[in-house]
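These notes concern the structure reproduced below.
What follows draws every value from the coordinates through simple rules; no lab data is involved. Predicted, not measured: the structure shown is a model, and the values here were computed from it. Virtual Cβ from ideal backbone geometry, glycine too; neighbours counted across all protein chains shown.
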Amino acid sequence: MTALDTVEVKEGVDQETVDAVKELSGNYKYGWETEIEMEYAPKGVNTDIVKLISSKNKEPQWMTDWRLSAFERWEKIEEPTWAMVNYPDIDFQDIYYYARPKSMEEKPKSLDDVDPKLLATYAKLGIPLKEQAILAGVEGAEDMPAEGRKVAVDAVFDSVSVGTTFQAELKKAGVIFCSISEAIENHPELVKKYLGTVVPPSDNFYATLNSAVFSDGSFVYIPPGVRCPMELSTYFRINAENTGQFERTLIIADKGSYVSYLEGCTAPKRDTAQLHAAVVEIIVEEDAEVKYSTVQNWYPGDEDGNGGIYNFVTKRADCRGDRSKVMWTQVETGSAVTWKYPSCILRGDDSQGEFYSIAIANNMQQADTGTKMVHLGKNTKSRIVSKGISAGKAQNTYRGLVSMHPKAKASRNYTQCDSLLIGDKCGAHTVPYIEVKNNSSRVEHEATTSKVDDDQLFYCRSRGMDEEEAVALVVNGFCKEVLQALPMEFAMEAQALVAISLEGSVG
Amino acid sequence: MALAQLKIDTTEARLADVEVPQGAAWGNAARADAMARLRQMGLPTKRDEYWKYTDPTSLTAVAAPEAALFHNDEVPLFNAVDRVKIVFVDGVFDADASDDLTAEGVEIERLADAMDTDIHWAKDLYGVLEARGQKPVERPLAALNTALATDGVVIRVTGKASKPVNFVYLHKNTASDAVLHNLVKVEAGAEFTLLETGPAAARFSKQLEVEVAEGGTFHHVRSQGRDHERRAVTHCFARIASNSTFKSFTLTFNGVLTRNECVLEIVGDEATAHVAGVCVGDGTDFHHDDTVFITHDAVNCESRQVFKKVLRNGATGVFQGKILVKEGAQKTDGYQISQSLLLDDDSVFLAKPELEIYADDVACSHGSTSGAIDETALFYLRSRGVSHDDARNLLTLSFLAEALEEIADEGLAEELRDRLEGWLSRHR
């Protein structure tokens, strides 16, 4: 019996709709698997595995030591339990911490050398052909004319970066965009200076684990005064079974620079859950601005809650310089369990942090997500707009902190969190923490929880829309504020995602 | 999970020399149960999430910190109200100072007498709501109160009470450590107003368990003393049946430490529950914490939480509020607002306004704001010839108005408003 068979159907919803729901839920587009020969590190985690990952990435000793000290700490700390999520205990020794396609042992020199299966994987995921060619690590492809708008992509497949596009063109502008393993090799001074300064290895259980075992990820450095000539993105794909993905992203926007960064992610359908524990650190110097957008579409598990990705992520931006700005936008539709709080440390005077989020949880999904805005500098501003949608038997929690320190004079925060429930078996929760320690700052928080408005639905229905279309429209209206904050590349995708996740959820 | 050593140590130290009161009947079992609950949970420490913003150390310490007595010549609050006055001095019932414990529509007894009666309605209430209220959040200090309460009053309301009952808590001993436990049972269709006034003791632990039956009405208005050095932890647990009304308002003037927990469970349809509070605090030795947890477990009910705080000279105000809407509690209308007015740059407001919702056809909203007095409004009043201090008082009172409006009885509301005005004029 599936979860939906047991859901009591409200009056007015016909069986056809319920059948449609059954068909649609679990209709995860990216659930296929690439059959490719992989090489794995032995299962489990210990100092040998940490050293192995470090040696696979040809890291210097200081990096290996950094990892080992994180691992030593991780062994002593306990998994946090405060989030409103329930999942079976994770056996951290039953996971592969390193998996890479065999064909990636040597970096491909030309298109012909790239494993066609990798190419096909990215083609199927909808990444444009041109980019795909570059993605697979083809050297020289950058000289081919770009089709339409340029987006440089770093593609991460399980534990390794497959390739990074437009590196040459970015280099001309002085921008460094590469995998973090390459950065450790080629720009150790930058990595050494910034790594772990925003999310220290001691930050939390998963960040500590990540610090010990991260295998790859993306590195971005925008030099002073440079506006990054194109959008940068990383696409994370988990493919191998029983494998955890631990990536680390480090973005540095030097004085007066600007970059917009996109992140996407998918994984195959599997009956067993998989762990993804990433760390993203952003450093924003004086007058610099970073936009970080995520469409998180990890496999959410089936309708009975089997399988799916456990997404335990630490993301934090440090607005170090005066007038620096960071904007987080996230659309969360995937993952069985999400534990994620992209945060802003507003250290510089007049710095700004923004957080726009839509989190959609259907079936047995559980999401506990939100943000932290820590105001330290004078005249700092933050804005939080969070929309949570729950359907099926899902639980969706907004958890956030707004903190005004005594020295953060004349600062401002505005928070709005809304939750929408579709069906009477799901839950929506709001857990905001507000700490105000001076009186020249203003903090405002408001939240509402409501169901899809009957009048609005009736109006749409009277105009000839069927119920599902009507709900999709109302919900899109509800989410518009967030969707508008997404970069163009994601806007269409986000609209479609909202519709997909809610299909059949009426009642 | 095993308790942390600090918790065990704190708990055992606190319990080492206490004498659990012994009675002749069911009370002993109720107290033993509470003690078992307490030992299982352990007393709170400042590492507990639920005590994140308030340090419980002085509330769990073996001895109560001393508190100087506070004298003033003002007429006691509600002096002119026709009421049944029940006086406790440092937590001990004072028969001579109290009125005759009779009024139409109510039956009043001392807790010890009820506990010594084999068959008594109080048995189904004493510690019962407290035990229910331990989930999902533990409230060990309430269990401690149930185990150790030495005095209190039990009130059964059978009809429309002819006049309110006023618990008057006097503080006369600088080292007093009072533990009181009161019960109120409002029978179906009955109506009752409970007033509470005074600081009570140097350290005061007080619990009130209220059962409101179908169609019953319970009004509660209290004021926790005036500029006293006292520390207090109070708990109010209520179970609210269908078509009934529960309204509670608390006014706090200063006091070193106050933690007021209000735990309401709405179990019948079409019921209403309102909790409101105003606190005004001056100085770094003022810490006030309102912790509210309202559970909706019935259809078509309304709840409101309205809390306003005025803080100055380094005072700290805390609000932890929660609305829990259980599965099936459709048509719930939940409202929660917590606001603070910080009159200077040193005061602190800490809030955690939570929602937890498992039903889709509900409307729950919460708001929380914090900021300084509106300079534009102040300027406007000044331009109209109002003095700076008067203008500020006026704006402060208007900020507090929404909470004061939660008091149904206008006479009582007016009296509290006057006291507030006086306090604000003195604390400039």
Only four residue types carry charge here, +1 at the Cβ of Lys and Arg and -1 at the Cβ of Asp and Glu. Report the dipole size of segment A:30-501 about the Cα centre in Debye, rounded to the nearest 20. 1600 debye
Looking at segment A:30-501, what % of the alpha carbon pairs are farther apart than 34 Å? 31 percent
√(5λ) per eigenvalue of the Cα gyration tensor, segment B:314-358, largest first, Å: 31, 9, 5
Residue A:340: which aspartates and glutamates have alpha carbons under 12 Å from its alpha carbon, excluding same-chain residues fewer than 8 sequence positions away? A:332, A:368
Run the numbers for residue B:390 and residue B:58: contour at 0.36 nm per residue of separation, minus the present Cα-Cα distance, in nm. 115.8 nm
Quotient of Cα radius of gyration and Kirkwood radius for the protein assembly as shown, i.e. Rg/Rh, equals 1.02
Length gained if residue A:189 through residue A:58 is fully extended, taking 0.36 nm per residue and subtracting the Cα-Cα distance, is 45.6 nm
When each pair of different Cα atoms in segment B:25-164 is counted once in the 1/r mean, what is the Kirkwood radius in angstroms, to one decimal? 17.8 Å
Taking the Cα atoms of segment B:344-428, what is the range of coordinates along each of the three principal axes, in descending order and whole Å? 52, 34, 24
At R0 = 51 Å the Cβ-Cβ FRET efficiency linking residue A:73 and residue B:285, nearest 0.05, sits at 0.85
So, counting K/R as plus one and D/E as minus one, what does the shell of residues with Cβ under 13 Å around residue A:268 add up to? -1
Take residue B:19 and residue A:81, extend 7 Å from each Cα along the Cα→Cβ direction, and tell me the distance between the two endpoints in nm. 3.9 nm
Could you compute the FRET efficiency for residue B:137 and residue B:377, with r as their C-beta to C-beta distance and R0 at 41 Å, rounded to 0.05? 0.60
Taking 0.36 nm per residue of separation between residue A:173 and residue A:455 and subtracting their Cα-Cα distance, the length gained on full extension comes to 96.2 nm
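Arrange the peptides B:214-223, B:32-41 so that the one whose residues have, on average, the most other Cβ atoms within 10 Å appears first.
Numbers: B:214-223: 22.3, B:32-41: 17.8.
The densest-packed peptide leads the list: B:214-223, B:32-41.
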Estimated dipole of segment B:129-199 in Debye, rounded to 20 [Cβ of Lys and Arg +1, of Asp and Glu -1, Cα centre]: 160 debye
Top positive-direction residue, dipole computed over segment A:30-501 with Cβ charges, set A:90, A:373, A:66: A:373
Relative to the compact globular guide of 2.2 N^0.38 Å, what is the alpha carbon radius of gyration of segment B:303-403, as a ratio? 1.35
Could you calculate the FRET efficiency of residue A:272 with residue B:363 from 1/(1 + (r/R0)^6), where r is the beta carbon distance between them and R0 is 30 Å, rounded to 0.05? 0.15
With the dipole of segment B:5-372 defined by +1 on each Lys or Arg Cβ and -1 on each Asp or Glu Cβ, the option from B:111, B:63, B:347 whose Cα lies farthest towards the positive pole is B:347
In µm²/s, what is D for segment B:5-372 at 25 °C and 0.890 mPa s, where D = kT/(6 pi eta Rh) by Stokes-Einstein and Rh is the Kirkwood radius from Cα pairs? 119 µm²/s
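Once you list every other residue whose beta carbon is under 13 Å from the beta carbon of residue B:78, what net charge do they have if Lys and Arg are +1 and Asp and Glu are -1?
-3
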If the cut-off is 26 Å between C-alpha atoms, which lysines fall inside it for residue B:309, apart from same-chain ones fewer than 8 positions away? A:372, A:378, A:381, A:407, A:409, A:437, B:46, B:52, B:206, B:247, B:322, B:352
